[in-house]
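Step one of this worksheet: look at the structure below.
Laboratory data are not the source of any read-out in this text; all were calculated from the coordinates shown. As the structure is a prediction and not an experimental result, all values here were calculated from the model. When we count neighbours, we look across all protein chains shown, and the Cβ atoms used for this are built from the backbone with ideal geometry, even at glycine.
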Amino acid sequence: MTPSTHNRVLLVLVATVSVVGLIDGVVSGDADVVALFALVLVGLAVMWARISWHRPSVPVRADLVTWMEERAIEGGESVDSVVDRAVAAYRSGLTTSDHDA
């Protein structure tokens, strides 16, 4: 999952609903509901940490994402490795574009 504002908003929304469910479970004395919503909140906290501490998100055109995924499959490596190498090659001047000329 790539970090984005939409993902964070969705996590906050689900966390809010889960907190309300947790409070309702505590008030009603239903231990199963309390345990369920507590586990959901723990899972959401882990997801929040993953998207917050992950690499920065950079929007990329769909055709480029397809190209990166194909290169990753062909090379037996992660998409992140393909992206790192492509950006490093561009930065090193191994590639040129109309904007650089």
Exercise. Which of the residues that make up the stretch 55-92 are assigned to a helix (DSSP H, G or I), within 27 Å of THR5 (Cβ to Cβ) and of a type in the set (Gly, Ala, Ser)?
Worked result: ALA62, ALA72, SER81, ALA86
For this session: Looking for whichever is touching a residue at least 12 places away in the same chain (Cβ under 8 Å) and charged (D, E, K, R) here; the options are ARG50, ARG71. Which one fits?
Result: ARG50
Exercise. So which residues in the stretch 29-76 are more than 17 Å from VAL17 (Cβ to Cβ) and of a type in the set (Phe, Trp, Tyr)?
Worked result: TRP53, TRP67
